[in-house]
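**Q** Once you've had a glance at the structure underneath, I'll fire off some questions.
The values are calculated or read from the model by the stated rules, or taken from the named source; none is laboratory data. All of these numbers come straight from a predicted model, not from anything done at the bench. Note that each Cβ is placed from the backbone with ideal geometry, even for glycine, and that neighbours are counted across all protein chains shown.
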Amino acid sequence: MQPIANLPDLDAALASQLSRGITALGLRASTDQQAQLLAYLALLCKWNRAYNLTAVRDPADMVTRHLLDSLALVPRLSGSRCIDVGTGAGLPGIPLAIMFPDREFHLLDSNGKKTRFLFQVKTGLALSNITIHHARVEAFTPAGKFDVVLSRAFASLADMVAGAGHLLQPDGVFLAMKGARPDDEIALLPGRCRVLGVYPLQVPGLDEQRHLVELSLAAAAILNPH
């Protein structure tokens, strides 16, 4: 782990907080994986001072609101090829890539400062299963489609489907991370969408609502998104 602000006691406290949170989520992460998650956090703290990558400034809050929040969807993640649209500082894509080194993760964002940070993370943590794309989602044409399209606080469900529907495999799914249960957004989804589930997520240490929405599209809608 890269030291955060050269404060060993803080590093130990964050490591303990992360380990307890992973256990509370019912997950397993190796010592190396936990070290990688904390090294990512250290880079995020460092770069955030200049690049304003996240409004969350306190490292302990970052463990809860970024790392554990991202890991809360692990039990619902399937497929071997995933894309995180509007990934920002790499959430949830980087924590998931660390947890699943045998799966392929693509991180897509239109902000150049954020994608430069992501390249630093990929290089610094030697994450060979990550590919970074600097592009707008609606204009991005991948070499192949994806099993899962992920989003976290990216857009409304309808906008996500409209902008990223062309990225999805015919049998793929959208996984959209939301706060309160987004019933109003679900009501505005087009008829080509099928809601497979709306799952409440319990994030250790966070006294706020979190939900994961799983969607699929009719095959014809994926082939002819417009």
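**Q** Of everything in the stretch 59-74 that's assigned to a helix (DSSP H, G or I) and in contact with a strand residue (DSSP E or B) (Cβ under 9 Å, 6 or more places away or on another chain), which residue is nearest to residue 33 (Cα to Cα)?
**A** Going residue by residue through the stretch 59-74, those that are assigned to a helix (DSSP H, G or I) are 59-71, 74.
Retained after the next criterion (residues that are in contact with a strand residue (DSSP E or B) (Cβ under 9 Å, 6 or more places away or on another chain)): 69-70.
Working: 69: 16, 70: 14 Å.
Step by step, filter the stretch 59-74, then rank; the result is 70.
**Q** Filter the stretch 184-219 down to the residues that are farther than 15 Å from residue 174 by Cβ, crowded, with 17+ Cβ neighbours inside 10 Å and touching a Gly at 6+ places or on another chain (Cβ under 9 Å) and list them by number.
**A** Applying the first criterion (farther than 15 Å from residue 174 by Cβ) to the stretch 184-219 yields 184, 187, 191, 200-210.
Those still in the list that are crowded, with 17+ Cβ neighbours inside 10 Å too: 201, 203-204, 210.
Within the stretch 184-219, 203, 204, 210 meet the criteria.
**Q** Same structure, new question: Scan the stretch 159-193 for residues that are of a type in the set (Val, Ile, Thr), under 19 Å from residue 137 (Cβ atoms) and either more than 20 Å from the chain's Cα centre (by Cα) or part of a strand (DSSP E or B) (or both) and jot them down. Working first, answer last.
**A** Restricting attention to the stretch 159-193, the residues satisfying the condition of being of a type in the set (Val, Ile, Thr) are 161, 173, 186.
The next check asks that each one be under 19 Å from residue 137 (Cβ atoms); those that pass are 161, 173.
Result: 173, single match.
**Q** Out of the residues in the stretch 40-58 meeting the condition of being assigned to a loop (DSSP other than H, G, I, E, B) and of a type in the set (A, V, I, L, M, F, W, C), tell me which one is surrounded by the fewest Cβ atoms within 10 Å (Cβ to Cβ). Steps first, answer last, please.
**A** At the first step, the residues of the stretch 40-58 found to be assigned to a loop (DSSP other than H, G, I, E, B) are 52-58.
Adding the requirement that they be of a type in the set (A, V, I, L, M, F, W, C) leaves 53, 55-56.
Values: 53: 21, 55: 8, 56: 17.
For the stretch 40-58, the residue satisfying everything is 55.
**Q** Between a residue in the stretch 146-158 that is in a strand (DSSP E or B) and any residue that is modelled with pLDDT of 95 or more and among the charged types (D, E, K, R), which pairs come within a Cβ distance under 6 Å, given they are 6 or more apart or on different chains?
**A** Here the result reads 146/81; 147/81; 150/84, each pair linking the stretch 146-158 to a residue that is modelled with pLDDT of 95 or more and among the charged types (D, E, K, R).
**Q** Got a number for residues in the stretch 75-113 being touching a residue at least 60 places away in the same chain (Cβ under 8 Å), out of contact with any strand residue (DSSP E or B) (no Cβ under 6 Å at 6 or more places or on another chain) and surrounded by 23 or more Cβ atoms within 10 Å (Cβ to Cβ)?
**A** Matching residues across the stretch 75-113 total 1.
For every residue, the table says whether it meets (1) out of contact with any Cys (no Cβ under 7 Å at 6 or more places or on another chain); (2) within 25 Å of residue 138 (Cα to Cα); (3) outside any helix (DSSP H, G or I).
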| residue | (1), (2), (3) |
| --- | --- |
| 38 | yes, no, no |
| 91 | yes, yes, yes |
| 105 | no, yes, yes |
| 108 | yes, yes, yes |
